[in-house]
Amino acid sequence: MMRTLRVALAGAVIALGLAGPAKSQDYPSQPVKLVVPFPAGGGTDALARWFAKGLEAKFGQPFVVENRAGSGTTLGAGFVARAAPDGYTIMLGTSSTYAIAPNVYKKVPFDLKDFAPIALVAEVPFVLVVNPALPVKSVMELVALVKGKPGAMSYASAGIGTQHHVNAELLKTLTGIEMTHVPYRGGGPALQDVIAGHVPIYFGDVSTVMPLARAGKVRALALTISQRLEAFPEVPTMHEAGIANYDASAWQAFVAPAGTPPAIVVRLNQALLEVVQSPETQKRFLELGLRPLTSTPDELAAFMRSELVRWGKVVEAAGAKGVE
């Protein structure tokens, strides 16, 4: 689904960081706010806190995670878009933020040009899970059950316009089933209601749902990506489960407000590259089923634009476009 980006920084880009103004060379001289447009407790929040620790070790200043959830991640993104472009407010957002929500909502409080891309850091596979009380053990059994109760079954998501939402809509499009969408203010609250049995179906990021699946709190039916994961070999792909042409995953990327000095962007990119490539992060990602990615700022900018177009087609085909 998504090409892997593993590109080292060019010498000219590093030189740009070294040749920046004195204030950029001294950056950061105070705590940095790291905005997460999801509630605490979800996969993006956990990833942000991992990177915050790594950045603190690199720079010797606190990177303070601030959760600003709501409206399919657009509230937090809008806050960052309006923040001072001084490097002291950055965001870890996802494909939901940069590529899906702008296609789902009629109006969002930002545009891609409002951000200075920093670095792509991870690909995040998702897993279709159900409450264990639901009498299904495969995707095709779930499809048959839902078809037998048109409109009566519901699925939870982390909010309208999130990856969780469009993953379910894509399943609906490919199978012709009808389910009612129950949006939450984040993946954590949605998953808790799935565990409690209030909503039976959910697409969750692999790092969050698989420990719960192994503990018997949810039942994992299929991965949304095209290949099985080494960390969770027991879970088939959607294609293996009988849903052809289903291939989708989220991605995580850091941005700053547009106008942030390029030398600061380069310093952050270099630090994030080092964190991603560290043995600790590589080991942690493997355990969680995440795929480490890297990019230059320019590569991330081009990737975000292409993903905005790609997901726009998926959203339109699913009939999820035009939410107020």
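Would you point out the residue of the stretch 200-217, among those that are touching a residue at least 60 places away in the same chain (Cβ under 8 Å) and over 21 Å from the mean Cα position of the chain (by Cα), that is surrounded by the fewest Cβ atoms within 10 Å (Cβ to Cβ)? Within the stretch 200-217, the match that is surrounded by the fewest Cβ atoms within 10 Å (Cβ to Cβ) is G216. Scanning the stretch 224-263 for residues that are surrounded by 15 or more Cβ atoms within 10 Å (Cβ to Cβ) and among the acidic types (D, E) yields one hit, D247. Restricting attention to the stretch 72-95 and to residues that are part of a helix (DSSP H, G or I) and of a type in the set (A, V, I, L, M), the residue that is surrounded by the fewest Cβ atoms within 10 Å (Cβ to Cβ) turns out to be L75. E66 meets each of the listed conditions (1) touching a residue at least 40 places away in the same chain (Cβ under 8 Å); (2) of a type outside the set (V, I, T); (3) in a strand (DSSP E or B) apart from (1).
Scanning the stretch 67-101 for residues that are more than 16 Å from A253 (Cα to Cα) and touching a Leu at 6+ places or on another chain (Cβ under 9 Å) yields a total of 2.
Looking at P233, P183, P189, P211, just one residue is over 16 Å from A46 (Cα atoms) and in the same structural domain as V136 (by TED's automatic domain parsing), and that residue is P183. Scanning the stretch 241-274 for residues that are in the same structural domain as K33 (by TED's automatic domain parsing) and either β-branched (V, I, T) or without any contact (Cβ under 8 Å) to a residue 12 or more places away in the chain (or both) yields a total of 5.
Against the test of being part of a loop (DSSP other than H, G, I, E, B), in contact with a helix residue (DSSP H, G or I) (Cβ under 8 Å, 6 or more places away or on another chain) and not hydroxyl-bearing (S, T, Y), the options V129, V136 yield a single qualifying residue, V136. Screening E307 on (1) under 19 Å from P211 (Cβ atoms); (2) surrounded by 15 or more Cβ atoms within 10 Å (Cβ to Cβ) shows it passes everything except condition (1).
With a requirement of 3 or more residues that are within 30 Å of F59 (Cβ to Cβ), the helices (runs of 4 or more DSSP H) lying completely within the stretch 164-283 that satisfy it span 206-214, 262-277. Selection of first residues in the stretch 275-286 that are touching a residue at least 24 places away in the same chain (Cβ under 8 Å) and of a type in the set (A, V, I, L, M) and of second residues that are outside any helix (DSSP H, G or I) and surrounded by 12 or more Cβ atoms within 10 Å (Cβ to Cβ), restricted to Cβ pairs under 7 Å at least 6 apart or on distinct chains, gives the following pairs, ordered by first then second residue: V276/V121; V276/P292; V276/T294; L286/A231.
Among the criteria (1) at pLDDT 90 or above; (2) within 19 Å of V121 (Cα to Cα); (3) crowded, with 21+ Cβ neighbours inside 10 Å, the one Y27 does not fulfil is (2). Kindly check whether there is at least one residue in the stretch 218-233 that is within 17 Å of T94 (Cβ to Cβ) and of a type in the set (G, A, S). Within the stretch 218-233 (the criterion being within 17 Å of T94 (Cβ to Cβ) and of a type in the set (G, A, S)), the answer is no, since none of the residues qualifies. Exactly one residue out of A156, A119 is farther than 15 Å from M238 by Cα, outside the structural domain of P39 (by TED's automatic domain parsing), assigned to a strand (DSSP E or B) and not hydroxyl-bearing (S, T, Y): that is A156.
With respect to V64, determine if the residue is hydrophobic (A, V, I, L, M, F, W, C) and buried (at least 19 other Cβ atoms within 10 Å of the Cβ). For V64, the condition - hydrophobic (A, V, I, L, M, F, W, C) and buried (at least 19 other Cβ atoms within 10 Å of the Cβ) - is not met.
Could you list, in sequence order, the residues of the stretch 139-152 that are hydrophobic (A, V, I, L, M, F, W, C) and either touching a Ser or Thr at 6+ places or on another chain (Cβ under 7 Å) or part of a strand (DSSP E or B) (or both)?
The answer is V143, and nothing else.
All told, V139 meets the bar of being of a type in the set (A, V, I, L, M) and surrounded by fewer than 24 Cβ atoms within 10 Å (Cβ to Cβ).
The values are calculated or read from the model by the stated rules, or taken from the named source; none is laboratory data. Computed from a prediction, not measured in an experiment: that's the story for all the values here. Every residue, glycine among them, receives a Cβ derived from its backbone with ideal geometry; neighbour counts consider all protein chains shown.
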